[in-house]
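Visitor: After the structure tokens below, expect a handful of questions from me.
The values are calculated or read from the model by the stated rules, or taken from the named source; none is laboratory data. Note that this is a predicted model, so its numbers are computed, not measured. Cβ: placed from backbone, ideal geometry, glycine included. Neighbour counts: every protein chain shown. We work out accessible area using only protein heavy atoms, side chains counted, and drop any ligands, DNA or RNA first. Shrake-Rupley method; radii C 1.70, N 1.55, O 1.52, S 1.80 Å.
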Amino acid sequence: MLATALIAAFYIYQLFQDHTTFPGNVWYWLTLNTWIIISVATIIYLLHVAVYQTRRKRWLSIIRNAHVDYLTGLPNQYQLIKDLKHSEHTNLAFLKFNNYNSILNTYGPAVTDGVVKQVAAVLAAFEHPLMQKSGRYYIQQAVFAVLEDQDTSYENIATITKAIVKNIMNTRYQVGDDEYIALNITVGAVRQNEDAFMLANMALQEAESQKLQFYLIDDLQANLPAIYKRDLALTQALLQGIQDRRLVAWFQPIYHARQHTVVKYECLARLLDEKQQVKMSPNVFMPLAHRANLYHMVTRVMVKHALRFAERNEVVVNVNISLSDINNRRTCDYIFHKIKQSSHGHLIHFELLENEAIMESAAIVRFINRLHDLGSRVGMDDLGKGYSNIERLLNLPIDFVKIDRSIMENITQNLEMQQVAKGIVRLAHKKRLKVVAEYCADADLTRLAKDLGVDYLQGYYLGKPAPGPVIDAPATAEANG
């Protein structure tokens, strides 16, 4: 192909050197044009092949990386779920090291990530004569998984599991110069193909709640508690609802405390049945989503619905987001991409949940700053829960706070709660943060919340969650919370 291009170039050179030959030599002209056409076509083909190969390599890299945990290099949850579909004799164990938060609070995120990498290396290098077809994964924060696909006895699987746990716990992990720590491991395991991921996660939860090192759910489900049988059925219903697009968003209005206008809405998840009636309330399916590791799916659905509602109605919408969402890189990337794609970042606000767990996390601050860069604002939900660490939470780069329901529902009859609420409002305003009073359930509580000096009001007395916007009250996108 290169030779063809050179020959064409030679003919062109001759043409310009001896142009007198051109008019009288038709054959020469036809030959020259033929070579030029062939050469141009060849060059275009080569460029097309080069572009195709480059794109193919990039997409293959994206596909590979989508199934690999970026921190440990191990296959991630998505790869595990894919492998489970092809597993014929599933023996699945979830291994969680219990002192993750202690390490994080003592040494910080960088050292903690280093410990996770060391555990991953130990697990990846582990070998045992009884293991035939195994996979090792890092599926969520501090949780590894081992999948052994073979038809073998319970005793053999127990021997393998004990050996893995012993190997991890007997290894010392470096956290500084000449400083090492040990890890405590809890295991939840399942020996059956159907619903293996959810059952292994439930077994891990049961082991933690009973303070056991190991909990097994076998293929007969003989030791599966009745509550987990119920939860499994509900979790399956939730997953089916997500797949059938019956997980929808309803929106509860939030009012300006003095102007009595709707300034924004909170996006709340609802699971509907086939007849579009509410099938399951959030206080039921949200804990299930967390336990079954489906919460990220719920969050992404809500972000999508919130953006659509905000764009259509030109109103601000608050979306709840948890620590598990922020620790899920793919969920964060999804949120950032959707906001950037919509160009309506100023209409999407986020409420951080689980305030006890996010004290001094650099990841939280980075997440908030990235949302600020996209025009969004971030608030703290359930402030005052546990009545501690309020000032430390307010030092995060947030824009607004919500007083916890446990405080608000008692302020009309409890003077101590009133003082706590006043303190939150005073401290928040001192830091130039807006304050939302939730759970405005009746006229007395709503009036008292206004007397406390809050900026916004939310509750069933003012407006219930609904599929659409409030019709009988003016709405505005000018929300400063």
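Visitor: Calculate, axis by axis, the spread of Cα positions in the stretch 386-448 along the three principal axes, and write the results as whole Å, longest axis first.
Guide: Each principal axis gives a Cα extent; for the stretch 386-448 these are 33, 19, 16 Å.
Visitor: So if R0 is 35 Å, what FRET efficiency would ASN170 and HIS89 give, r being the distance between their Cβ atoms, rounded to the nearest 0.05? Could the numbers behind the result be given before it?
Guide: Details: r = 29 Å, r/R0 = 0.82.
Calculated value: 0.75.
Visitor: Percent relative contact order of the stretch 299-438, based on C-alpha pairs within less than 8 angstrom and at least six residues apart?
Guide: Details: 207 pairs, mean separation 25.8, N = 140.
Taking the mean separation of contacting Cα pairs over the length of the stretch 299-438, I get 18 percent.
Visitor: Keeping the other protein chains in place, figure out the carbon and sulfur percent of the accessible area of the stretch 191-303, with a 1.4 Å probe. Numbers along the way, then the final one.
Guide: On the way: 2590 of 5100 Å².
Carbon plus sulfur share of accessible area: 51 percent.
Visitor: Applying 1/(1 + (r/R0)^6) with R0 = 41 Å to the Cβ-Cβ distance of GLN277 and GLN341, what FRET efficiency is obtained, to the nearest 0.05?
Guide: Efficiency at R0 = 41 Å is approximately 0.80.
Visitor: Continuing with this model, one more query. Could you check the spin-label model distance between ALA110 and ALA125? Points 7 Å from the Cα along Cα→Cβ, value in nm.
Guide: For the pair ALA110/ALA125, the computed spacing is 2.4 nm.
Visitor: At what distance in nm do the modelled label points of ILE43 and ARG426 sit from each other, each positioned 7 Å from its Cα along Cα→Cβ?
Guide: Distance between the two pseudo-spin positions: 7.9 nm.
Visitor: Test of understanding: what is the full-extension gain from VAL284 to LEU415, defined as 0.36 nm times their sequence separation minus their Cα-Cα distance?
Guide: So the extension gain works out to 43.9 nm.
Visitor: Further, regarding this structure: What does the net charge come to around CYS267 if you take all other residues with beta carbon closer than 12 Å to its beta carbon, with K and R at +1 and D and E at -1?
Guide: +2
Visitor: Please state the equivalent ellipsoid semi-axes for the stretch 291-363: what are the square roots of 5 times the Cα gyration tensor eigenvalues, largest first, in whole Å?
Guide: On the way: eigenvalues 96, 35, 26 Å².
That gives 22, 13, 12 Å for the three semi-axes.
Visitor: Hey, if you put +1 on the Cβ of every Lys and Arg and -1 on every Asp and Glu Cβ in the stretch 150-261, which of THR152, MET202, ILE254 ends up farthest toward the positive end of that dipole?
Guide: The listed residue farthest towards the positive side: ILE254.
Visitor: While we're on this one: For ARG230 and ARG308 in one chain, what is 0.36 nm times their gap in residues minus the Cα-Cα distance, to one decimal in nm?
Guide: On the way: separation 78, 0.36 × 78 = 28.08 nm, distance 3.41 nm.
Extra length available between ARG230 and ARG308 comes to 24.7 nm.
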